[in-house]
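These notes concern the structure reproduced below.
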Amino acid sequence: SINITGGEPFLREDIWEFTDYLNELDEISEISFITNGTIAGEYIENIKNISKVQEILVSMDGSTEMINDSIRGAKTFNKTIENIKILNDAGINVVLMFTLIKRNYDDAENIHEFAENMNIEGYIVERFIPLGTGSKIKNEIVSAEELKTLYKRIFVKCEASFIEEAH
């Protein structure tokens, strides 16, 4: 399985040549894109022509315009919503990528209902790791205890069991 990410992978001029190459390799069974979602809809036909594309992972860091755009930039929420609808209408599975920081912690469990309401296949909540330019906002790191508390609440929403391993 290959996840193609960026920056924004759809901005690469050679992305379709590259994905055509990957699509032909017997060793590759799945191809996914990780995108900010703001321009994915412009490339729907290209995406559909790659037989091994299983899903598009779309970064979204809030279930509301105010929260998401405070992290991802002005007007990204509405653009991303439009493109998720285009992907859904084309029959392409969408999975949300939610990067958890202090600023969106209180909103994080709302991503479950958001995903359901948008007919999104699933979502991933991952903890922010301060690498590269992210090291400038180390104060945004969510503690391990906060993460565990959030995961427990999300598991309840999913009607799943949360099993803690003893360390």
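The values are calculated or read from the model by the stated rules, or taken from the named source; none is laboratory data. Since the model is a prediction, treat every value here as computed from it, not as a measurement. All Cβ positions, even for glycine, are placed from backbone atoms using ideal geometry, and neighbour counts span all protein chains on display. Protein only, heavy atoms only, side chains kept; ligands, DNA and RNA dropped before computing areas. Shrake-Rupley method; radii C 1.70, N 1.55, O 1.52, S 1.80 Å.
A few comments on the model shown:
- Condition check for Glu126: among the acidic types (Asp, Glu), at pLDDT 85 or above, within 26 Å of Gly7 (Cα to Cα) and touching a Gly at 6+ places or on another chain (Cβ under 9 Å): no
- Any pair with Cβ under 6 angstrom, 6 or more apart, that starts in the range 48-59 at a residue that is more than 12 Å from Tyr21 (Cα to Cα) and ends at one that is among the acidic types (Asp, Glu): Gln54/Glu30
- Among the residues of the range 126-141, those that are surrounded by fewer than 18 Cβ atoms within 10 Å (Cβ to Cβ) and either touching a helix residue (DSSP H, G or I) at 6+ places or on another chain (Cβ under 9 Å) or closer than 17 Å to Ile67 by Cα (or both) comprise Glu126, Arg127, Pro130, Gly134, Ile137, Asn139, Glu140, Ile141.
- The single condition among (1) closer than 26 Å to Phe33 by Cα; (2) touching a residue at least 12 places away in the same chain (Cβ under 8 Å) that Arg153 does not meet is (1).
- Members of the range 142-156 found to be open to solvent by less than 70 Å² (accessible area, probe 1.4 Å) and either part of a helix (DSSP H, G or I) or among the acidic types (Asp, Glu) (or both), listed by number: Ala144, Glu146, Leu147, Lys148, Thr149, Leu150, Tyr151, Ile154
Each row is one residue, and each column tells you yes or no for (1) among the aromatic types (Phe, Trp, Tyr); (2) within 28 Å of Ser1 (Cα to Cα); (3) surrounded by fewer than 19 Cβ atoms within 10 Å (Cβ to Cβ).
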{"site": "Lys52", "(1), (2), (3)": "no, yes, yes"}
{"site": "Ile56", "(1), (2), (3)": "no, yes, no"}
{"site": "Ile67", "(1), (2), (3)": "no, no, no"}
{"site": "Leu87", "(1), (2), (3)": "no, yes, no"}
{"site": "Val95", "(1), (2), (3)": "no, yes, yes"}
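- Residue count for the range 69-85 satisfying the condition of being open to solvent by 30 Å² or more (accessible area, probe 1.4 Å) and hydroxyl-bearing (Ser, Thr, Tyr): 1.
- The one condition from (1) within 13 Å of Ile120 (Cα to Cα); (2) without any contact (Cβ under 8 Å) to a residue 24 or more places away in the chain that Arg12 does not meet is (1).
- Of the helices (runs of 4 or more DSSP H) contained entirely in the range 27-113, those carrying at least 2 residues that are touching a strand residue (DSSP E or B) at 6+ places or on another chain (Cβ under 7 Å) fall at 76-89.
- Within the option set Ser70, Ser161, Ser143, being on the phi < 0 side of the Ramachandran plot and touching a residue at least 24 places away in the same chain (Cβ under 8 Å) holds for one residue only, Ser70.
- Search result, residues across the range 99-124 that are in contact with a Ser or Thr (Cβ under 8 Å, 6 or more places away or on another chain) and surrounded by 18 or more Cβ atoms within 10 Å (Cβ to Cβ): Thr99, Asp107, Ile111, Phe114
- Subset of the range 114-141 (residues that are part of a strand (DSSP E or B) and within 30 Å of Ala90 (Cβ to Cβ)): Gly122, Tyr123, Ile124, Val125, Glu126
- In the range 123-140, the residues that are closer than 19 Å to Thr35 by Cβ form Cβ pairs under 8 Å with partners that are assigned to a loop (DSSP other than H, G, I, E, B) and open to solvent by less than 60 Å² (accessible area, probe 1.4 Å), at six or more places apart or across chains, as follows: Phe128/Ile101; Phe128/Ile141; Phe128/Val142; Gly134/Phe128.
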